[in-house]
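The values are calculated or read from the model by the stated rules, or taken from the named source; none is laboratory data. Predicted model only: the values in this text are computed from it and were never measured. Positions of Cβ are backbone-derived with ideal geometry, glycine not excepted, and every protein chain shown enters the neighbour counts.
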Amino acid sequence: QTKLLSHLRPHRLVITRLGLHQLTNRVLTRLLLQKLADKRAKLVLFFSEGKIHSRNLPDGHLSGEPDRTDLATATIAKSCMSPAFDSVKQIYAQFQGVRMTAHVSYDEYRVDPATFAGLDSYDQNADGGLTKDDAKPIFRALNRRVEALQENLYAHGKEKLLFVLQATDTGGKDGTIRAVFDRTNPQGVHVASFKKPTSEELAHDYLWRIHQHTPAGGNITVFNRSHYEDVLIVRVRELVDESVWRKRYEHIRNFEQLLVDEGTTIVKIFLHISKDEQRERLQARIDDPTKHWKFELGDLEERKLWDDYQAAFGDMLTETSTADAPWFVVPANRKWYRNIVISQILVDTLERIAADEFPPDPELVGLTIT
């Protein structure tokens with residue numbers, strides 16, 4: 001017990017082998033389970049005589065198969081009882097398709113316009129009680145799950161997902177896309193970046209250039225900046241009158257509801273960094289010649305308008321976060337924490353719309369090619 005408990009840390013998977021006599025000792029087992037619960041363990045898996053048993057903590061419910069639901073925050077411990085399981089690889093082989101990653105909490109980051117207390121109420125340095133080392137295996141597992149779910153989405157060819165990213169300059173939009181979508185198939189994931197409108201785009205309404213980039217069935221489209229630029233920079237830079245940009249909140253809500261009604265799932269992420277963090281990232285670009293291409297002197301002019309942009313972002317969030325197209329304010333000073341939170345949001349979203357795998361095709365079962 002002492003050896004096992006000493007290895008337990010939040011979000012850590014511990015695989016150990018206990019003697020069979022320890023499982024049959026009810027008093028010892030009960031004590032061990034209580035100590036595991038005290039250590040914030042969520043699930044203990046017992047391997048005995050070739051069978052798998054699970055005990056959910058702290059309620060102590062015993063079932064014959066592992067829990068396939070999301071495992072809430074905490075440690076997962078596997079107690080390996082049977083000599084038949086000679087290696088970690090064999091153990092993992094028994095659990096293909098069973099989700100074993102700790103669930104990263106993000107409910108507090110979802111914007112509810114009724115209770116939104118401003119961007120200052122969010123800690124840009126939040127880490128969820130994790131360290132960077134804790135986050136590495138969680139991120140790898142989430143990355144693999146995104147890969148599998150995106151393949152399901154693409155194979156079915158029906159559901160579609162629009163993933164919107166907004167942030168200040170240096171907020172981490174590009175880095176988020178590279179990290180979170182690293183293992184996905186480029187055939188089914190598209191990135192649309194919206195910068196200064198072209199003359200042709202300016203000749204149309206402001207949503208014209210947006211609509212043509214929304215996802216088709218089976219696809220994920222990531223907006224790197226988006227239609228929200230038309231209630232942000234145009235407001236801060238006074239490119240149009242307030243009477244014009246203020247109406248756009250309603251336009252956008254209706255536009256997104258149209259997409260939802262026609263089968264698109266929408267998730268919107270605001271990457272929240274501090275002013276000090278932005279200064280450090282801008283300076284890093286200046287100090288590294290290989291990053292000069294990312295920097296423009298105009299970025300310094302935009303930085304002077306920090307407070308105005310924060311006010312515009314706040315109104316954007318409260319005016320357009322809806323039940324069908326919610327905003328999430330994700331702390332983004334720590335890139336590793338940003339990545340696991342956004343990956344978890346993406347995984348949970350895809351679980352709702354793309355978790356079903358294809359059943360065997362009766363016409364192909366048993367078919368042999370000669």
Filter the stretch 344-370 down to residues that are buried (at least 21 other Cβ atoms within 10 Å of the Cβ) and either farther than 16 Å from Arg110 by Cβ or over 13 Å from the mean Cα position of the chain (by Cα) (or both) and give me whichever is modelled with the lowest pLDDT. Ala354
Taking the criterion of being touching a strand residue (DSSP E or B) at 6+ places or on another chain (Cβ under 7 Å), in a strand (DSSP E or B), closer than 23 Å to Lys195 by Cβ and in contact (Cβ under 8 Å) with a residue 60 or more places away in the chain, would at least one residue in the stretch 249-258 satisfy it? no
With criteria (1) closer than 27 Å to Gly314 by Cα; (2) among the charged types (D, E, K, R); (3) touching a strand residue (DSSP E or B) at 6+ places or on another chain (Cβ under 9 Å), Glu159 comes up short on (1)
Among the residues of the stretch 144-183, what is the count of those that are under 17 Å from the mean Cα position of the chain (by Cα), surrounded by fewer than 20 Cβ atoms within 10 Å (Cβ to Cβ) and in a loop (DSSP other than H, G, I, E, B)? 2
Condition met for Asp324 (surrounded by 13 or more Cβ atoms within 10 Å (Cβ to Cβ), touching a residue at least 40 places away in the same chain (Cβ under 8 Å), in a helix (DSSP H, G or I) and not aliphatic (A, V, I, L, M)): no
When you scan the stretch 285-292, do you find a residue that is of a type in the set (Val, Ile, Thr), at pLDDT 95 or above and within 28 Å of the chain's Cα centre (by Cα), even just one? no
For the stretch 217-248, the count of residues that are in a loop (DSSP other than H, G, I, E, B), of a type outside the set (D, E, K, R) and closer than 18 Å to Leu271 by Cβ equals 2
Could you list all residues from the stretch 109-131 that are surrounded by 12 or more Cβ atoms within 10 Å (Cβ to Cβ) and assigned to a helix (DSSP H, G or I)? Tyr109, Leu119
